[in-house]
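J.: Once you've had a glance at the structure underneath, I'll fire off some questions.
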Amino acid sequence: MTQENLTPFRCEISTSDPTVPLMLRVILNDQVILDQQHVTEPILFECWIPDTEQEHTLIFEMSGKTQQHTVVNDIGEITKDAFLTLTNFSIDEIELDNIRTFKYEHDFNGTGKKTTDLFYNYMGCNGQVIVQFSTPIYLWLLENM
């Protein structure tokens, strides 16, 4: 497949605390394409999506966070926390910041029921950010912008 038949998907990944061994796996259509055992510095993530008629699922999966990685003061306010930030999403050079169809599934690190929320750039719990889209990408963009 030539690069002309591929669409670039990009985002930036960073950590709030490089000393905490937060792990990140990225899975595209059931294939692991990134397996970062400890996010210590910013990552410019990029993958190439076939631009053929197809449904795609891109999953960002964080693990390794424990209750000890969140520090709470006497009145219950979080004073220090370890989390991953995923920002500046784009597909084929088009920013996806206004498209909020990304889902965040987690269970509050085992302290609550499994929940699904819209994703707003922060992964503070072990879980998955799920991005579902279809190609050709311009049709999907027209339907979701």
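Values in this text are rule-based calculations from the coordinates and carry no lab data. What you are looking at is a predicted structure, and each value in this text was computed from that prediction instead of being measured. Note: ideal-geometry Cβ built from the backbone for every residue, glycine included; neighbour counts use all protein chains shown.
J.: Relative contact order of region 6-144, please, whole-number percent, based on alpha carbon pairs below 8 angstrom and at least 6 residues apart. Intermediate results must be reported in sequence, preceding the final value.
T.: Details: 311 pairs, mean separation 39.6, N = 139.
It rounds to 29 percent for region 6-144.
J.: Rounding to the nearest 20 debye, state how big the charge dipole of region 66-127 is about its Cα centre with +1 on each Lys and Arg Cβ and -1 on each Asp and Glu Cβ. Numbers along the way, then the final one.
T.: Numbers: 5 positive and 10 negative charges, 61 e Å.
About 300 debye.
J.: Hey, fewest Cβ within 10 Å first, where do MET145, MET23, MET62 land in order?
T.: Values: MET145 9, MET23 16, MET62 25.
Fewest to most other Cβ atoms nearby, the residues stand as MET145, MET23, MET62.
J.: Among all the aspartates and glutamates, which ones have a C-alpha under 19 Å from LYS114's C-alpha, if same-chain residues fewer than 8 places away are not counted?
T.: Straight-line reach from LYS114, under 19 Å: GLU61, GLU105.
J.: Separate question: Give me the dipole magnitude in Debye, nearest 20, for the chain about the Cα centre, with unit charges on the beta carbon: positive for Lys and Arg, negative for Asp and Glu. All intermediate terms of the calculation are to be shown ahead of the outcome.
T.: Numbers: 8 positive and 22 negative charges, 106 e Å.
It works out to roughly 520 debye.
J.: Just the Cα atoms of region 6-144, one point each, no solvent: what log10 I(q)/I(0) does Debye give at q = 0.15, 0.17 Å⁻¹?
T.: For the requested q values the scattering log ratios are -0.75, -0.94.
J.: While we're looking at this one, here's another question. Along the charge dipole of region 6-144, pointing to its positive end and built from +1/-1 on Cβ of Lys, Arg, Asp and Glu, which listed residue (PHE89, ILE43, LEU24) has its Cα farthest out?
T.: Of the candidates, LEU24 comes out farthest on the positive side.
J.: Label-point separation (nm) for ASN73 and GLU46, each offset 7 Å from Cα along Cα-to-Cβ?
T.: Modelled inter-label distance: 4.3 nm.
J.: If packing is taken as the average number of other Cβ atoms within 10 Å across a peptide's residues, how do 131-144, 69-82 rank, most packed first? Intermediate values should be presented prior to the final figure.
T.: Details: 131-144: 14.9, 69-82: 11.3.
So the order, starting with the most tightly packed, is 131-144, 69-82.
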